[in-house]
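Reading through the structure tokens given below for one structure.
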């Protein structure tokens, strides 16, 4: 029996639909649920009992991510149908050369997600090439940041994040739109703020104006944030929430940690399974890079890369023996000498507006000092500045020798006066703890700093506390104690330092 061209085109559409549904491992019922149709309708279209509609074809293309194949088959059917019908009304323009069906909305043509681990912190950079295939301007873009320190122990992880909540201040979220040299900074608006979960709208605007993404236009957005390893578990997940043509993930780890990486994928319709294609591994200088890509991932798919550092065993419980002192400090999240963050002036808080962020940073500094003091005893007192844990804000804490005394909290500190009388003593720094250096400091220091409510106070410090406070303020100004040493005077290896375990003498 001879069939007409339009019937053959409808059959071809149904075959293409069935092929992609099978390719994505979806039942007809599952596909219908994701498209928003009754299961019987999907079954009838695939069984050639119903003819496809434009809305059906658009949704099928978007859900199945068929690279334009389903939409193309519909267009071929639609052209024949309208050619036969003299009463044909307005139709959408032909499908563009790319895979994009009209009216789909915002499309991710490519996402490149990079996660780097350096100096105790993870730095995440997401770059997305966007196309507006819809009918309205796009003025904002939703992004999510979620952490899970112990993914295999939800109760422990929830307790950990309640005690150590993620803050916007430590994230230091930044976003841009467009390409260099003319790219625009994007402002953002908070949507959800939870202990382990943040959600924000990136806005296509800034103080200089607005730059919406209009229908038919393309642009690139990039956003980046930082999370300390004490909050970020050893996993990185990408969820496909918009039609996406290509997804690429890149992990960048220190080679010395001997990283082992593997991956799994899940979707609404399938259980967790290994990635269908292997990761590509290569070394770059002292780094180990793992890359993985996939084409036309289905909507709602989740790809999760996991790892462990085989050379990063538990740190020793004391400062004697075992690994080098600097490596023990690195293991608890202290940024080490050579990192750019230690050479940048810290950002000032605007208080009281930033009070919540400031309290979160101080809590994180206190927690890190607790871990540091498990590794080493400090007879001279100890301090820690936010840049030393990868947070570029003007906050520091100092714990005096007298453990019964409260720790000193410094927000936006600045030295307003100091005594002319000074002395030289050896100092150590958690950011290069393998050596000690002889540094001249004033014996008395007057420091103006902020309270949580934004009011300012001047506090005087003497002798050892003056030295500790001056050391931390140096960190907030992008300076290390070695910068203050007399030229030509060498640093002393900690193995040769004879004053360990004794307070400074005055």
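Values quoted throughout were computed directly from the atomic coordinates according to the rules given, and no laboratory measurement underlies them. Small disclaimer: the values here were computed from a predicted structure and weren't measured. Methodologically, a virtual Cβ is constructed for each residue, glycine included, from the backbone with ideal geometry; neighbour enumeration extends over all protein chains shown.
Observations, loosely collected:
- Computed from the Cβ-Cβ distance with R0 of 56 Å, the FRET efficiency linking residue 506 to residue 311 stands at 0.85.
- Efficiency of FRET between residue 48 and residue 264 - r from beta-carbon atoms, R0 35 angstrom, step 0.05: 0.40
- Checking [x] 58, 24, 18; [y] 34, 30, 19; [z] 39, 24, 21 against the coordinates, the calculated semi-axes √(5λ) of the Cα gyration tensor in Å falls under label [x].
- The length gained on full extension between residue 187 and residue 125, counted as 0.36 nm times the residue separation minus their Cα-Cα distance, comes to 20.7 nm.
- Pairwise centroid distance, computed over Cα atoms, of region 33-63 with region 434-453, Å: 69 Å
- Radius ratio Rg over Rh of region 5-84, counting only Cα atoms, Kirkwood formula for Rh: 0.94
- Cα-based equivalent ellipsoid of region 182-285: semi-axis lengths in Å, sorted from largest, via gyration tensor: 30, 19, 18
- Stretched out straight at 0.36 nm per residue, the stretch from residue 15 to residue 163 would grow longer than its current Cα-Cα span by 47.8 nm.
- Model label zone, residue 146; criterion: amide N under 12 Å from point 7 Å along Cα-to-beta-carbon; scope region 223-250: 236-241
- A helix-only calculation puts the chain at -7000 deg cm²/dmol for mean residue ellipticity at 222 nm, using -39500 (n - 2.57) for each DSSP H run of at least four residues, averaged over all residues.
- Within region 156-181: backbone nitrogen closer than 16 Å to the residue 195 label point (7 Å, Cα to C-beta): 156-168
- FRET efficiency, residue 492 to residue 211 (Cβ-Cβ, R0 56 Å, nearest 0.05): 0.50
- Mean Cβ count within 10 Å, highest first, over the residues of peptides 151-158, 166-173, 43-50: 166-173, 43-50, 151-158
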